[in-house]
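Everything below concerns the one structure shown next.
Nothing in this text is a laboratory measurement; each read-out follows from the coordinates by a stated rule. Model, not experiment: these values are computed from the prediction.
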Amino acid sequence: MRVFNVRVAAVLIAAALAGCASTDPQPWPAKVVSVDQMKVLTPIRMKFIHTSEEKSGVLTTVLVVHVDAQGKAVRSRVEQSSGHARVDEAAKLALLEARFAPYTVDGAPEAVSVVMPMHVPVKKL
């Protein structure tokens, strides 16, 4: 009976987890461009990250940002981590507030995935 209960529990957990997995409603744009190919319209404001575990300096994280056809940063993901989750998250949030000139192909605006290194200032507490 115990084996049966464990199997039933495993099946229920698997079913619940499968329900949690969601497909991306909007796929990332296939066109990938570097930040040099984009015009940033609003300043990207990075705040200092304060930490007790790191010396002061600058850490770099490489992000990919989905910029829609209107130039709005829709979402971002970490392509290469700085090694610190707080730094990566701060860079992602700052980038989502940015506004870009729309990327155009033959005069028509197009959504793109932009590869963007972010240099994040870090201060030791």
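Once the piece of chain linking residue 69 and residue 119 is laid out straight, how much longer is it, given 0.36 nm per residue of separation minus the C-alpha distance between them?
Numbers: separation 50, 0.36 × 50 = 18.00 nm, distance 2.59 nm.
My answer for the length gained is 15.4 nm.
When the chain is fully extended, how far beyond the present Cα-Cα distance does residue 62 get from residue 34, taking 0.36 nm per residue of separation?
On the way: separation 28, 0.36 × 28 = 10.08 nm, distance 1.12 nm.
Computed gain between residue 62 and residue 34 is 9.0 nm.
For segment 28-124, give the share of DSSP beta bridges that are antiparallel, in percent and rounded to the nearest 5; count only bridges with both residues there. Spell out each step's value before the answer.
Details: 22 of 28 bridges.
DSSP beta bridges in segment 28-124 are roughly 80 percent antiparallel.
Mean projection of the Cα convex hull over all viewing directions, computed for segment 28-124: 5.8 nm².
What pairs from 47/124; 31/92; 39/124; 39/123 go past 23 Å between their alpha carbons?
Too far apart for the 23 Å limit: 39/124; 39/123.
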